[in-house]
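Okay, structure first, notes after.
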Amino acid sequence: MKKGQMLIITAVVILVSLGAVFMWSEGGITKEVTIGQTHAAITDAFSLGQTINNYLGDSAEISKCNAINEIIDNTNYMIGEETYDTKEDYFEAMFLYNFYIYMADFPKIKKTSLEDEYSLYNNLFFDIQFDYNNEGILEEIKGAPGWIEYEDKAFVDYLEIASEEGFVYKIKPIFSIDMNLDFEEVISPPECNTLIEESVPDEEVTDEENIAETAETTTT
């Protein structure tokens, strides 16, 4: 191939390329690109799972303080029409009563499996264990998803959060509260002074906009 022909072919290629660039710049082609969509779905689901964990942990701490204050302030150990014979039984019942109220009070989150009223309470089943030492002192309260019997099969319960892109995140929240509660002389622990009785924890999510957003969308 002669040198002159090579120059002509090169010039044609450059002109075609420039034409494509000008068409793109003038709006002839419009394209929307989403960056990090899969990563965003994972981050959103993880953020929601962490929020639920924090909420349930905070709810357990507040429920503990409410139950202790009820024992200190009352001598009639009743919840509704149910009467409890011992402080231990009353404390456990009052803790569960408060905890499940907070659990049911978890806010609705649009476009998730928690978009209905009382969704967290209705979709996540907890086993809560009270551990005492040999002297009858309550040392620890532990909570975790319970065992569920379904069609003659037992499995551990969990909460499933699915993103719009189809990513599924399984949430198995667990909380543990260290205690040193002597029912012979019930004293409110110092940390309860910083918690507001019958309050709801600050970690709340009202809709999907409050969950971390990492997808970056650009239009050219």
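If you check 112, 51, 75, 43, which single one turns out to be in a loop (DSSP other than H, G, I, E, B), touching a residue at least 60 places away in the same chain (Cβ under 8 Å) and either open to solvent by less than 60 Å² (accessible area, probe 1.4 Å) or more than 22 Å from residue 144 (Cα to Cα) (or both)? 112 is the lone residue from the list that is in a loop (DSSP other than H, G, I, E, B), touching a residue at least 60 places away in the same chain (Cβ under 8 Å) and either open to solvent by less than 60 Å² (accessible area, probe 1.4 Å) or more than 22 Å from residue 144 (Cα to Cα) (or both).
Name the residues in the range 176-195 that are polar (S, T, N, Q) and in a loop (DSSP other than H, G, I, E, B), would you? Don't jump to the end; show me each part of the working.
Our first condition is that a residue be polar (S, T, N, Q); within the range 176-195, this holds for 176, 180, 188, 193-194.
188 - this is the single residue of the range 176-195 that is polar (S, T, N, Q) and in a loop (DSSP other than H, G, I, E, B).
Here residue 144 passes the criteria (1) out of contact with any Leu (no Cβ under 9 Å at 6 or more places or on another chain); (2) exposed (fewer than 15 other Cβ atoms within 10 Å of the Cβ); (3) without any contact (Cβ under 8 Å) to a residue 40 or more places away in the chain; (4) not polar (S, T, N, Q) except the one numbered (2).
Could you please let me know if residue 103 is open to solvent by less than 60 Å² (accessible area, probe 1.4 Å), within 30 Å of residue 170 (Cβ to Cβ), assigned to a helix (DSSP H, G or I) and modelled with pLDDT of 85 or more? Answer is yes for this residue.
The values are calculated or read from the model by the stated rules, or taken from the named source; none is laboratory data. Here the structure is a predicted model, which is why all the values come from computation and not from measurement. Note that each Cβ is placed from the backbone with ideal geometry, even for glycine, and that neighbours are counted across all protein chains shown. The area values use the complete protein model at the heavy-atom level, side chains included, leaving out ligands, DNA and RNA. Shrake-Rupley method; radii C 1.70, N 1.55, O 1.52, S 1.80 Å.
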